[in-house]
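Scroll down for the structure; my scribbles are underneath it.
The values are calculated or read from the model by the stated rules, or taken from the named source; none is laboratory data. None of these values were measured; they are calculated from a predicted model. Positions of Cβ are backbone-derived with ideal geometry, glycine not excepted, and every protein chain shown enters the neighbour counts. Accessible surface areas use protein heavy atoms only, side chains included; no ligands, DNA or RNA. Shrake-Rupley method; radii C 1.70, N 1.55, O 1.52, S 1.80 Å.
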Amino acid sequence: MFVIAGMAEERSNEDIVAEYLGQNPQLAQWVETFRGYCESNKQWDARREFILRNMEAFPTVEPGVPSSSLDRLLSLSMVWANHVFLGCSYPQAVMDKIKEMGEGIVVVDAPVHKTTKDGVLARGKRSATVEVDADGCVKRAKCGSNELDSRPVGRQKSGPLPQAPAEHQPFFNRLYKAVAWKLVSAGGFGPNLDHFEILRSCAESCKETLTCVFVPLKDIAGLPAGRTQKEGHVCEIRCQTVYMGTGYGRDESAAKAMASKEALKVFQGRKVTVKICRRRYKGKDVEDLMLLDEQPRSQGFPPALSYPFQDEQLEDGSS
């Protein structure tokens with residue numbers, strides 16, 4: 001059985017895990033494939049222990065074999081890690097579940113997060129919070145005129161770095177395989193699928209979380225002159241800062257569903273490619289990371305609702 005829950009507690013968890021994986025090299029190689037692109041050694045060591053400790057509770061999980069049980073275990077490990085290291089809060093039933101599953105895991109010098117009564121993370125003196133909806137999609141909240149996003153603290157050069165597509169491509173190759181497998185299991189791409197759930201579960205199985213940005217339609221400049229519809233919302237979906245799709249709906253849920261459907265269409269080809277493309281953002285032409293298929297495009301890209309690469313100069317409207 002691939003578990004470490006019953007091992008002696010006199011030694012450190014780190015030593016126990018290291019010895020256990022040393023005795024199971026194939027398991028060690030397999031579990032390492034679940035490490036996230038941006039996970040530090042400390043974060044990954046903790047989440048890896050969470051996965052190993054809880055495999056017994058998912059008896060259908062087999063190394064090297066994709067399954068819904070594996071997807072659920074990996075999703076719960078991401079939820080647990082997000083709560084421990086980022087202070088993310090989830091529905092109470094989920095919090096109770098990950099607390100139970102994480103019992104006995106010691107994270108040395110774990111971050112301390114201040115939370116409100118409802119468990120929403122509040123960072124420092126910022127007036128905005130990072131929300132996670134019931135489906136596990138990170139929603140960017142606005143803080144003044146700036147959007148709170150996942151970029152590192154400090155200034156960055158405008159636009160993605162030239163090497164960024166190559167750095168992101170391996171992750172999206174894995175995501176492409178996960179989506180393809182999920183669509184085959186669902187009987188193919190169709191209108192009756194829960195497109196967001198497919199995209200979310202596949203992203204989490206690859207140790208990442210989707211980011212959704214919502215903007216009321218009435219707040220979007222540059223709409224076609226003939227468009228009189230001003231009600232509803234527009235949603236933009238990204239993962240690892242890479243743009244995946246945009247959708248419109250009467251409310252945020254419908255907009256998210258449509259954006260997910262558009263994003264999944266990209267996965268219908270033989271491969272997906274991360275590229276740097278020119279887009280419009282707040283009336284300016286910017287370079288953005290985008291996930292594309294091999295189909296030729298007869299029209300431009302929709303304007304960006306968010307832009308995780310700009311520095312303060314672009315944000316202020318100067319260059």
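Using the structure shown, decide if Arg35 is of a type in the set (Lys, Arg) and assigned to a helix (DSSP H, G or I).
On the way: of a type in the set (Lys, Arg): yes; assigned to a helix (DSSP H, G or I): no.
The answer is no for Arg35.
Rundown of residues vs (1) within 21 Å of the chain's Cα centre (by Cα); (2) open to solvent by 80 Å² or more (accessible area, probe 1.4 Å); (3) aliphatic (A, V, I, L, M); (4) farther than 28 Å from Lys182 by Cα, yes/no style:
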| site | (1), (2), (3), (4) |
| --- | --- |
| Ala255 | yes, no, yes, no |
| Arg270 | no, yes, no, no |
| Thr273 | yes, no, no, no |
| Arg278 | no, yes, no, yes |
| Met290 | yes, no, yes, no |
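Against the conditions (1) open to solvent by 20 Å² or more (accessible area, probe 1.4 Å); (2) part of a helix (DSSP H, G or I); (3) closer than 22 Å to Asn24 by Cβ, where does Leu70 fall short? Just the number, please. With respect to (1) open to solvent by 20 Å² or more (accessible area, probe 1.4 Å); (2) part of a helix (DSSP H, G or I); (3) closer than 22 Å to Asn24 by Cβ, Leu70 is out only on (1).
I'm trying to understand the selection: among the residues of the range 164-190, which are within 17 Å of Ser260 (Cα to Cα), assigned to a loop (DSSP other than H, G, I, E, B) and either without any contact (Cβ under 8 Å) to a residue 60 or more places away in the chain or in contact with a Gly (Cβ under 7 Å, 6 or more places away or on another chain) (or both)? Ala186, Gly188, Gly190 - these are the residues of the range 164-190 that are within 17 Å of Ser260 (Cα to Cα), assigned to a loop (DSSP other than H, G, I, E, B) and either without any contact (Cβ under 8 Å) to a residue 60 or more places away in the chain or in contact with a Gly (Cβ under 7 Å, 6 or more places away or on another chain) (or both). Of all the numbered requirements in (1) in a helix (DSSP H, G or I); (2) open to solvent by less than 80 Å² (accessible area, probe 1.4 Å); (3) at pLDDT 85 or above, Lys42 misses one, and that requirement is (2).
Is there a residue in the range 84-104 that is touching a residue at least 60 places away in the same chain (Cβ under 8 Å) and surrounded by 14 or more Cβ atoms within 10 Å (Cβ to Cβ)? No, every residue in the range 84-104 fails to be touching a residue at least 60 places away in the same chain (Cβ under 8 Å) and surrounded by 14 or more Cβ atoms within 10 Å (Cβ to Cβ).
For the structure I just gave you, tell me whether Tyr243 is of a type in the set (Phe, Trp, Tyr), modelled with pLDDT of 90 or more and open to solvent by less than 20 Å² (accessible area, probe 1.4 Å). Yes, satisfied.
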